[in-house]
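Accompanying notes for the structure given below.
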């Protein structure tokens, strides 16, 4: 864990967490990150040229934020720079790194789709959420919301 910044301290003094905070915290708990990374890492190898590859978990977290909030690549980049909750979910620390650019996100998404992982991960997430009685719903302005499923009346 990195050292706390003044932003971390200030953000921790809020009256209550936002819906975005709660949503992203729950998604972080539901997603089996290590299991998913074990499937992605063998496909996401660093070549011996160019800049170093970005950590695949960061890339996947950004792709998920794009999907949940209806963001373009550039929109995601800016939203993570602007939103403390999104930055925390993604694990971006401005002291040691930055948000990957839109082209990098696009290439990562294309790699997932090409290898059939995009659909597989989406199905897995849907199944895990269903087990918890949850589903995703998009509200106003593409804000992702978790909604608890109602039990059927007998």
Quick one: grab the alpha carbon gyration tensor of segment 57-137, order the square roots of its eigenvalues as a ≥ b ≥ c, and give me rounded if a/c is under 1.5, else prolate or oblate depending on whether a/b is larger than b/c. oblate
Apply 1/(1 + (r/R0)^6) to the Cβ-Cβ distance of residue 33 and residue 114, taking R0 = 25 Å, and write down the FRET efficiency to the nearest 0.05. 0.70
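Values in this text are rule-based calculations from the coordinates and carry no lab data. In this text the structure is predicted, and so the values were computed from the model without any measurement. Positions of Cβ are generated from backbone atoms using ideal geometry, with glycine treated the same way; all protein chains shown enter the neighbour counts.
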